[in-house]
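Let me begin by presenting the structure, written as structure tokens, before commenting on it.
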Amino acid sequence: MGVKILADSACDLPLPFYEQNQVALIPLKVYIDGHEYQDLQTIQPSEVYESIRSGDFPKTSQASPALFKELFTNLAINGEQGIYIAFSSELSGTYQTAVMIMEQVKEEHPNLDLTIIDTKCASLGQGLIVMEAARLANEGATKEEILEDVLFRCQHMEHLFTVDDLDYLAKGGRVSKASAFLGGLLNIKPLLHVEEGKLVPIEKIRGRKKLLRRIIETIKERGEHLESQVIAISHADDEEAANEIKEMINQEFGPKEVYINAIGAAIGAHTGPATIAIFFLNKIRP
């Protein structure tokens, strides 16, 4: 019997991916106007951005403990091996909840063979790891082989992202309100990355053209063997910008593939519209 891959919706992969690759989806929750939605299942990112633009501030919460219990119990009953590739524990309580539920299920089903990985990643940084794990699982790789690849990618995944409006990060406590106000006045755009699972600003850049050039420079500085990689771009309702960056990446690096998908409702609720993020490895497995 093969290895079952589980992933939460924070990895920002499209719904058909889960169905086509037999990956178990664990949706995070989104709340708008007091209504609860399941990310990717009962709400689309466009609805979140419409809500934000109308002046609302959607809330999110971690995945359902009841769903974790159901999925983990089924793994044990079916005698399957499982790997849950989880959203960064620094950005959500989902990983900790999953670990707690796993220990509860093990009390009833000591045979449960499940490994939960705190990726310290988000969006398609996490998504690239899930994609490769699913490919390996579908090709019949062992659990140990898949885990080795997953852990390597977690350690070496780069996240670069920028937001269109600093106010959204200010609401989330990521930048000061004064910085957000100043950024809006001076057309300053932040360039951020993820360090040990946390969002960390790198620099602030004035003007869109300078920002795009700096993103390409940073990819060149940090990436390794980019021509042999799949580079991912996620966007919050700004496919035009994503395609513009894709063209720049293709011209500069000629990667194996540039994969684009929308930022999901759960992450988009915090970043706001027009966020752009790029993901790649800073080291290739020998």
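Listing for the model above:
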{"quantity": "T60 long-range amide H proximity, modeled H, under 5 Å", "calculated": "Y31"}
{"quantity": "Residues of segment 1-122: accessible area per residue with a 1.4 Å probe, Å²", "calculated": "44"}
{"quantity": "Exposed GluC sites (Glu not before Pro) absent - longest run of the chain, DSSP non-H/G/I/E/B, at most 13 other C-beta within 10 Å", "calculated": "1-138"}
{"quantity": "Cα centroid separation, segment 52-67 to segment 256-286 (Å)", "calculated": "20"}
{"quantity": "Segment 142-149 - phi-based ³J(HN,Hα) in whole Hz, Karplus 6.51/-1.76/1.60, Gly and Pro as x", "calculated": "6, 4, 5, 5, 5, 4, 4, 5"}
{"quantity": "Fraction of accessible area attributable to carbon and sulfur, the chain (%, probe 1.4 Å)", "calculated": "48"}
{"quantity": "Whole-Hz ³J(HN,Hα) from phi, Karplus 6.51 cos²θ - 1.76 cosθ + 1.60, for segment 116-131, glycine and proline x", "calculated": "10, 10, 7, 5, 6, 10, 8, 6, 6, x, 5, x, 4, 5, 5, 4"}
{"quantity": "All aspartates and glutamates inside 12 Å of K106 as judged from Cα atoms, apart from same-chain residues fewer than 8 positions distant", "calculated": "none"}
{"quantity": "Simple Cβ-charge dipole of the chain, Lys/Arg +1 and Asp/Glu -1, about Cα centre, in debye nearest 20", "calculated": "980"}
{"quantity": "Cross-link partners of K220 among lysines (Cα-Cα below 26 Å; sequence separation of 8 or more within a chain)", "calculated": "K120, K189, K198, K204, K209, K210, K246, K256, K283"}
{"quantity": "The chain, helix-only ellipticity at 222 nm - DSSP H runs n ≥ 4, -39,500 (n - 2.57), divided by all residues, nearest 500", "calculated": "-13500 deg cm²/dmol"}
{"quantity": "5 angstrom amide H check on I43, placed H, neighbours 5+ away", "calculated": "Q38"}
{"quantity": "16 Å cut-off, amide nitrogen to a point 7 angstrom out along I284 Cα→Cβ, residues in segment 201-237", "calculated": "220-232"}
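The values are calculated or read from the model by the stated rules, or taken from the named source; none is laboratory data. It should be emphasised that the depicted structure is a prediction, and the values quoted were computed from it without experimental measurement. Note: ideal-geometry Cβ built from the backbone for every residue, glycine included; neighbour counts use all protein chains shown. When the accessible area is computed, the model is the full protein with side chains, heavy atoms only, and any ligands, DNA or RNA have been set aside. Shrake-Rupley method; radii C 1.70, N 1.55, O 1.52, S 1.80 Å.
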